[in-house]
Structures are given as structure tokens and as C-alpha cells.
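Since every read-out is calculated from the coordinates, none of them should be taken as a lab result. None of these values were measured; they are calculated from a predicted model. Positions of Cβ are backbone-derived with ideal geometry, glycine not excepted, and every protein chain shown enters the neighbour counts.
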């Protein structure tokens, strides 16, 4: 009986310390809209709530803004309009133009895709971000008319 309980306790401990698997289970898909149009695709996870921060798949975000991107190992160089940024998997800082910028969370890889904090990306894209209180939907707003501000 004691061996069985010890075995169960060990199994529970090992399951709780397995590293990435529990963190992935906590991630939640966030619906992402750009000027009211969904960026989500069937089967794709364009935006995620990860560690309390809303992230976006950098490839999908750059496509949505007709930008350019280049992969350099764990880093991705992004150009949107006249602004460039460098995001690196595992890093909590990004390079935006000539400046180093602190991010609200670390960029991370998931299923081969790099996710970056949406709040940092919208600054590069010169857009605004609005996330609902439940963190189930994020809206990226591009101001087409500067007189509307």
C-alpha cells in the first residue's frame, strides 16, 4: 500500500514538473480582428493568451500589414512600413529601429511559429490594440484618417 501511494506521489510530482507541457495547456486562443475583420484561420492559432499576455503569430501579423520578414536562427527581422524590429525566441527585449525595447513577456516558439506580444507589434505597425477584459478577443485598429484621433 505504501509503495503504491509513493508511486502515485512520484508520478504526480513528475507530471507537475514536466516543463513546457503544463504551460501550453494554460495557453488560450484569442480571437484577433484587424479593423473589424478576423485574422483567424481555421486550424491556426494566430493569437494566444500566454502567461497573462496576448501574443500573435509574427508571420500572420506581418502578412496582415503587408510587411516583410526574414528569419535568422531564433530571431525574426520584421519590417512594416518604414519601421523595423527584431524579435528573438526566448527574449524579453526587441530591437525597434535603433532602440532596445522591453517586452511585456518573452517571445516564444510554438509548433514552429514565433509568437510576439501584440502590444509591442502594434507599435511597430503604428496601430492601436484593444483587448477585452476577458482576454478572449483582441482588436488591432489602424487609423486610416489621422484627423479622426
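With each label modelled as a point 7 angstrom along the Cα→C-beta vector, the residue 28-residue 66 pair spans 3.6 nm. Take the alpha carbon gyration tensor of the range 44-143, find the square roots of its eigenvalues, order them as a ≥ b ≥ c, and report rounded if a/c is under 1.5; if not, report prolate when a/b exceeds b/c, else oblate. Judged from the Cα gyration tensor, the range 44-143 comes out rounded (a/c under 1.5). Relative protection proxy for 82-91, 110-119, 37-46, from highest mean packing down: 110-119, 82-91, 37-46 (other beta-carbon atoms within 10 angstrom).
Once the chain from residue 91 to residue 137 is taken as fully extended at 0.36 nm per residue, the excess over their C-alpha distance is 14.1 nm. Between residue 35 and residue 102, full extension at 0.36 nm per residue minus the direct alpha carbon distance yields a gain of 21.5 nm.
Under 11 Å from a point 7 Å along the Cα-to-Cβ line of residue 111: which residues of the range 32-74 have their amide N that close? Answer for the range 32-74: 41-47.
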